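First the structure, in the form of structure tokens, and then the observations on it.
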Amino acid sequence: MSIKKNLISILETMPKEVTLVAVSKTKPVTDLQKAYDAGQRIFGENKVQEMTEKWEKMPKDIEWHMIGHVQRNKVKYMAEYVSLIHGVDSLKLLKEINKQGKKCDRKIPCLLQVHIAEEDTKFGFDAEELLAVLDNPEFSKLTNVTIKGLMGMATFTDNMTQVKREFKSLKSLFESVREQSKEMEILSMGMSGDYLIAIEEGSTMVRIGSSIFGERN
Ligand SMILES: *Cc1c(COP(=O)(O)O)cnc(C)c1O
């Protein structure tokens, strides 16, 4: 299957209100260009340096999403161009994004990552920590970030009942924090293996890599 055909067949399975992030990590720009030529304009990467190299080479109407774990000392390299940072998992990181946003005179859109999986390996806030951050007085002073919503990753398992349950819990947390903050409109959940369930459970943004570009090495 070609990248273009993969993209088209995935888009056919999705409601048009759901946003597709094409996860292009580890893939060469020639592959990204194929997706671009098929109409895709939003790409997700998980390493700041790799994303920046691709941003420099690719057309400038692309939205670049950072979907991976971000180290604070790397924020400065993407601050001027990144469209959405999905994996914000600490107030410290958010403060650094705010600082770099201020330097380039922009408000950087962010999602707060929530830990919904059973595995310990996934980053993110738990529900209680998330509410504490949103209530923290320091948080309301951050004028150069906007919290556009939440992001989560389900457990890597064939047990779709479990995956569904984890997505449901994130959706319900999203609904409750939304009541406080009207800027929250994005719920980023779902990858190649579970995006259809994620959409059923209320995802507004899916991050799909291998089903578009093929398996990664
Ligand atoms: C790699 C990655 C994806 C895409 O995974 P696929 O299974 O290839 O679709 C989605 N989200 C995050 C955070 C990732 O790191």
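Only the coordinates and a few stated rules stand behind these numbers; no lab work does. This one's a predicted model, so the numbers in the text were calculated from it and none came from an experiment. Counting neighbours? That spans all protein chains shown, and the Cβs are built from the backbone with ideal geometry, glycine included.
Remarks
- Tensor-based shape of the stretch 61-121 (alpha-carbon gyration tensor, a/c under 1.5 rounded, otherwise prolate or oblate): prolate
- The relative contact order of the stretch 61-127, computed from alpha carbon pairs under 8 Å that lie at least 6 residues apart in sequence, is 31 percent.
- Exposure proxy ranking for K168, K60, based on other Cβ atoms within 10 angstrom of each Cβ and starting from the fewest, stands as K60, K168.
- Dividing the mean sequence gap of close Cα pairs (under 8 Å, 6+ apart) by how many residues the stretch 74-217 holds gives a relative contact order of 19 percent.
- Multiplying the residue separation of L134 and K102 by 0.36 nm and removing their Cα-Cα distance gives an extension gain of 9.5 nm.
- Each Lys and Arg adds +1 at its Cβ and each Asp and Glu adds -1 at its Cβ; summed about the Cα centre, the chain shows a dipole of about 860 debye.
- Spacing of the modelled spin labels on R72 and K47, each 7 Å from Cα toward Cβ, amounts to 2.3 nm.
- With the simple model of a label 7 Å out from the Cα in the direction of the Cβ, K141 to N217 spans 4.8 nm.
- Taking only the C-alpha atoms of the chain, the Rg (one decimal) and the largest Cα-Cα distance, Dmax (whole number), read 16.7, 51 Å.
- DSSP beta bridge pairing in the chain, given as percent antiparallel to the nearest 5: 0 percent
- Note on the chain: helix-only mean residue ellipticity at 222 nm, from DSSP H runs of 4+ residues weighted -39500 (n - 2.57) and normalised by residue number, equals -11500 deg cm²/dmol.
- Relative contact order of the stretch 13-130, defined on C-alpha pairs under 8 angstrom at six or more residues apart (%): 18 percent
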